[in-house]
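For reference, the structure discussed in these notes is given below.
The values are calculated or read from the model by the stated rules, or taken from the named source; none is laboratory data. All figures in this text were calculated on a predicted structure; none of them were measured in a lab. Because the Cβ atoms are built from the backbone with ideal geometry, glycine has one as well, and the counts that use them run over all protein chains shown.
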Ligand SMILES: Cc1cc2nc3c(=O)[nH]c(=O)nc-3n(C[C@H](O)[C@H](O)[C@H](O)COP(=O)(O)OP(=O)(O)OC[C@H]3O[C@@H](n4cnc5c(N)ncnc54)[C@H](O)[C@@H]3O)c2cc1C
């Protein structure tokens with residue numbers, strides 16, 4: 001039986017229409033200005049139900065599967081990687097809550113997440129702890145009715161506009177406990193153009209791409225978080241809770257890569273039919289045909305790995321290995337395909353007049369965030385060696 005059904009394809013057609021009408025016309029212009037995604041677009045995505053695709057209907061979600069979620073990510077990212085990425089944080093928070101939240105926490109956050117009213121940001125990485133998340137140091141100290149957070153976070157994407165930060169913090173001060181001393185907190189805050197919080201300071205980090213969202217360095221200074229905002233109500237389980245939810249985030253990230261790669265492929269394919277050199281369209285030169293063929297193979301292989309990992313998850317199994325493979329494969333493919341697309345456009349590929357240079361800059365980040373490719377290879381190797 002094919003993994004992707006007619007219902008999935010119907011959903012895809014709707015997201016594709018949305019992308020073509022709402023995102024494609026503005027993406028390159030906003031990217032060039034390094035401007036964030038307009039809040040009206042995020043509102044329209046919410047109206048389409050994109051934020052609630054995966055969440056249970058009893059909490060206001062659409063209750064659909066991971067393949068649908070991957071298709072949404074893929075189609076939105078085809079328009080602009082940043083737009084396909086707005087939902088990632090909500091997916092992380094929602095899957096954490098569904099798996100570990102208390103009933104009060106589920107009721108407080110899930111319905112808002114499902115309709116895009118609660119837009120979170122993930123504050124996991126620290127200036128000195130990236131891949132090695134067990135070494136994180138931001139401290140959560142018990143105080144009356146809650147905790148005080150003190151320390152630094154890095155690369156918190158969407159921190160300004162988010163109205164809730166998912167913070168991984170050390171509740172056991174003994175750093176040698178590593179992953180056994182971490183907890184997850186939900187820090188409610190106001191959404192805004194800048195970070196405007198009396199106990200959280202933040203500055204955006206300039207980047208080469210992914211301009212629709214800003215990533216922040218954050219400093220927490222006695223930031224109060226009530227005890228009911230500690231995920232599952234129990235300390236020191238945060239690392240394990242997070243690892244289990246990463247597989248879905250990685251799947252979604254791999255699907256985003258497929259979307260960017262597809263956009264680059266489509267653009268360069270069309271260009272190769274129209275651009276003539278030596279008296280014929282360049283797609284009739286063998287070197288270009290070879291490129292198009294290799295790009296098509298890499299693209300389809302990545303996409304099918306994403307759907308395969310998603311179907312594993314949908315069947316109720318863990319999919320760390322498959323999601324890791326999908327992310328590694330898609331990260332490599334998007335770099336290759338955007339590079340080749342640029343090559344097919346020649347000088348025009350390097351110019352800002354066409355979107356291919358944006359796909360190339362945006363695609364580059366996939367192998368860095370949501371777990372680097374080196375870390376994915378470690379996970380894959382560990383898994384195959386332990387079998
Ligand atoms: C645009 C962007 C947005 C981001 N958004 C967020 C966000 O919203 N929230 C958040 O928390 N983080 C975010 N990140 C951070 C991202 O998750 C980290 O950059 C990533 O986890 C890598 O951590 P690091 O940058 O500290 O690199 P390091 O961990 O210092 O790694 C440096 C290099 O060493 C390699 N390496 C490290 N350990 C090993 C090992 N054991 N074996 C082999 N190689 C290894 C890495 O693969 C990498 O190549 C974002 C990053 C970017 C670039």
(request) Show the residue pairs that are 6+ apart or on different chains and have beta-carbon atoms under 9 Å apart, the first residue being within segment 153-175 and free of Cβ contacts under 8 Å to residues at least 40 places away in the same chain and in the same structural domain as residue 186 (by TED's automatic domain parsing), the second being assigned to a loop (DSSP other than H, G, I, E, B) and within 12 Å of the ligand (Cβ to nearest atom). (result) 170/136; 170/138
(request) For segment 98-115, state whether one or more residues are under 20 Å from residue 220 (Cα atoms) and either crowded, with 18+ Cβ neighbours inside 10 Å or within 11 Å of the ligand (Cβ to nearest atom) (or both). (result) no
(message) Is it the case, given these coordinates, that residue 332 is at negative phi, within 16 Å of the ligand (Cβ to nearest atom) and surrounded by fewer than 16 Cβ atoms within 10 Å (Cβ to Cβ)?
(response) no
(message) For segment 299-322, which positions are buried (at least 22 other Cβ atoms within 10 Å of the Cβ), touching a residue at least 24 places away in the same chain (Cβ under 8 Å) and over 15 Å from residue 71 (Cα atoms)?
(response) 319
(message) Return the residues of segment 150-167 that are more than 8 Å from the ligand (Cβ to nearest atom) and under 17 Å from residue 239 (Cβ atoms); say none if nothing qualifies.
(response) 151, 166, 167
(request) Mind listing just one residue for me: the one in segment 95-123 that is under 23 Å from the mean Cα position of the chain (by Cα) and in a loop (DSSP other than H, G, I, E, B) and, of those, farthest from residue 44 (Cα to Cα)? (result) 101
(message) If I ask for residues that are surrounded by fewer than 24 Cβ atoms within 10 Å (Cβ to Cβ), in contact with a helix residue (DSSP H, G or I) (Cβ under 6 Å, 6 or more places away or on another chain) and within 28 Å of residue 229 (Cα to Cα), which ones from segment 45-85 would you list?
(response) 59, 60, 61, 62, 63, 65
(request) Tell me, yes or no, whether segment 124-142 has at least one residue that is assigned to a strand (DSSP E or B), crowded, with 20+ Cβ neighbours inside 10 Å and either assigned by TED's automatic domain parsing to the domain that holds residue 371 or within 11 Å of the ligand (Cβ to nearest atom) (or both). (result) yes
